[in-house]
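Here the structure is laid out as structure tokens; the discussion comes afterwards.
Each value in this text was obtained by applying a stated rule to the coordinates, not by laboratory testing. Every value quoted in this text rests on a predicted model; they were computed, and no experiment measured them. Every residue, glycine among them, receives a Cβ derived from its backbone with ideal geometry; neighbour counts consider all protein chains shown.
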Amino acid sequence: MSKNHEQGELLRAKINGETSRMKWSELQRFFASGAMISVAADLDLVEVAYRIASDDKDAVAGWMADSRVARVSDDQAQTWVQTDATLWAVVVKPWILVQHDKLH
């Protein structure tokens, strides 16, 4: 196993360990500061966070072009306020990545 592959796996494990479910009410302040990114439910949140942390511009640009990774919209935020939705969240400085799964 190469050193780069090993470091990548360690970073993935670190990101996975820092991912948690949080109520929107706990996350709102990050939305207000403009630091929140929404990840489509069909993507793996840990993989997206890893690609951002690894500066994989091509992967991130592709997801953004398909609107699968984007800043949280005002409409999304309003819906989540009304339901105090529970989201998966992980920090990849300076961003907070959130994902609302299809079950909620």
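Fully extending the segment from Arg21 to Asp84 would add 21.5 nm, taking 0.36 nm per residue of separation and subtracting the current Cα-Cα distance.
Charging the Cβ of each Asp and Glu at -1 and of each Lys and Arg at +1, and nothing else, the dipole of segment 3-99 about its Cα centre rounds to 280 debye.
Length available on full extension from Asn4 to Glu47: 0.36 nm per residue minus the Cα-Cα distance, which gives 13.9 nm. The computed P(r) over Cα pairs in 5 Å bins from 0, in percent for the structure shown corresponds, within (1) 2, 13, 21, 20, 14, 10, 8, 6, 4, 2, 1, 0; (2) 2, 12, 24, 24, 19, 11, 5, 2, 1, 0; (3) 2, 12, 18, 21, 20, 13, 8, 4, 2, 1, to (2).
Each Cα pair under 8 Å and six or more residues apart adds its separation to the average, and for the chain the resulting relative contact order is 40 percent.
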